[in-house]
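Here, each number is a calculation from the coordinates, and none is a lab measurement. Note that this is a predicted model, so its numbers are computed, not measured. For neighbour counting, all protein chains shown are included, and Cβ atoms are generated from backbone atoms with ideal geometry for every residue, glycine included.
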Amino acid sequence: MELLKIENLQLELGGKPILKGLDFLVRAGERVVLFGPNGAGKSSLLFAILGFPGYEPKSGRIFFKSKDITALSVNERVKLGIGMAFQNPPSLRGIKLEEMLKICRRDISPEEIEKASKDMKMGEFLSREVNLGFSGGEAKRAELLQILTQRPELALFDEPDSGVDLENVEMIGKQIDSFLEHNTGIVITHQGYILNFVRATRACVLYEGAIICSGNPKEILEDIREKGYEQCVRCRARKHER
């Protein structure tokens, strides 16, 4: 079943083209990892999917569960079942982490909060203001705890392994992998370390505003590490010549 479908998406930021007629399809149950160099538009794509202000498409359409959500607000998309863990989670004064978890899911029980926070080693942080004074790894774990509590049908993870030490990458990766056993996700990664723990089913490469190739995650990652993104472009060109 098609969960997310993007057709000819064009996006500009400050008058500069970012996404250039991008087509993208994610089926229910897929674990898609998204590669691409800095500035390729990976985070912008996730922001457009979630409907962030300033990321409204110039043209193209976004469908979620066969519903055209292109003109819907962030709030409406979240209610439909889309959630996102941000690369740089903000600090929030005046609201405690436990309170934020209750906002993420109104029907969550104290027992569920206790278990989820224990799994993420965040129990001692529940009474603290969200991300205030947290280290990079602690903020990433708090962000992940919120999205796992929310339980979106489509979870967007923007570089969950950036700025995180190896111990936290393993914990975060295993929790994402466990969550995606029953959900669908898109994971952006640069270094690819998180793929040691997240069993991605498909990789896509975003380059110069378009998806240029798709395939086996480990094979594509190995090609990128050995030959760089230019190799992906050359491979695509050769396929078109055939």
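Some points to look at:
- Counting 0.36 nm for each residue step from residue 165 to residue 76 and taking away their Cα separation leaves a gain of 28.5 nm.
- In the stretch 30-185, a dipole from Cβ-located charges (positive for Lys and Arg, negative for Asp and Glu) runs towards its positive end, and of 62, 146, 116 it is 62 whose Cα lies farthest in that direction.
- Cα gyration tensor shape for the stretch 87-192, rounded if a/c is under 1.5, else prolate or oblate: oblate
- Under 20 Å from the Cα of residue 115 - lysines, other chains or at least 8 residues apart: 96, 102, 140, 174
- Estimated D of the chain in µm² per second, where Rh is the Kirkwood radius over Cα pairs and Stokes-Einstein applies at 25 °C, 0.890 mPa s: 132 µm²/s
- Three-way shape label, the stretch 156-215, alpha-carbon gyration tensor, a/c 1.5: oblate
- Theoretical gain in end-to-end length, residue 190 to residue 114 [0.36 nm per residue, Cα-Cα removed]: 24.1 nm
- Normalised by 2.2 N^0.38 Å, where N is the number of residues, the alpha-carbon radius of gyration of the stretch 9-89 equals 1.07.
- Using the alpha carbons alone, the radius of gyration of the stretch 137-189 stands to its Kirkwood radius in an Rg to Rh ratio of 0.92.
- Model label sites at residue 227 and residue 199, defined 7 Å from Cα along the beta-carbon direction, differ in position by 2.9 nm.
- Taking label points 7 Å from Cα along the Cα-to-Cβ direction, residue 59 and residue 88 give a separation of 3.2 nm.
- Debye, to nearest 20: dipole size of the chain, +1 on Lys, Arg Cβ, -1 on Asp, Glu Cβ: 640 debye
- Here's the picture: charge each Lys and Arg Cβ at +1 and each Asp and Glu Cβ at -1 in the chain, and of 130, 33, 195 the one pushed furthest to the positive end of that dipole is 33.
- FRET efficiency estimate (nearest 0.05) - Cβ-Cβ, residue 216 to residue 7, R0 22 angstrom: 0.30
- Charge dipole magnitude, Cβ of K and R +1, D and E -1 - the stretch 1-96, Cα centre, debye nearest 20: 280 debye
- Partners for residue 65 among lysines (Cα-Cα distance below 25 Å; same-chain residues under 8 apart left out): 5, 20, 42, 79
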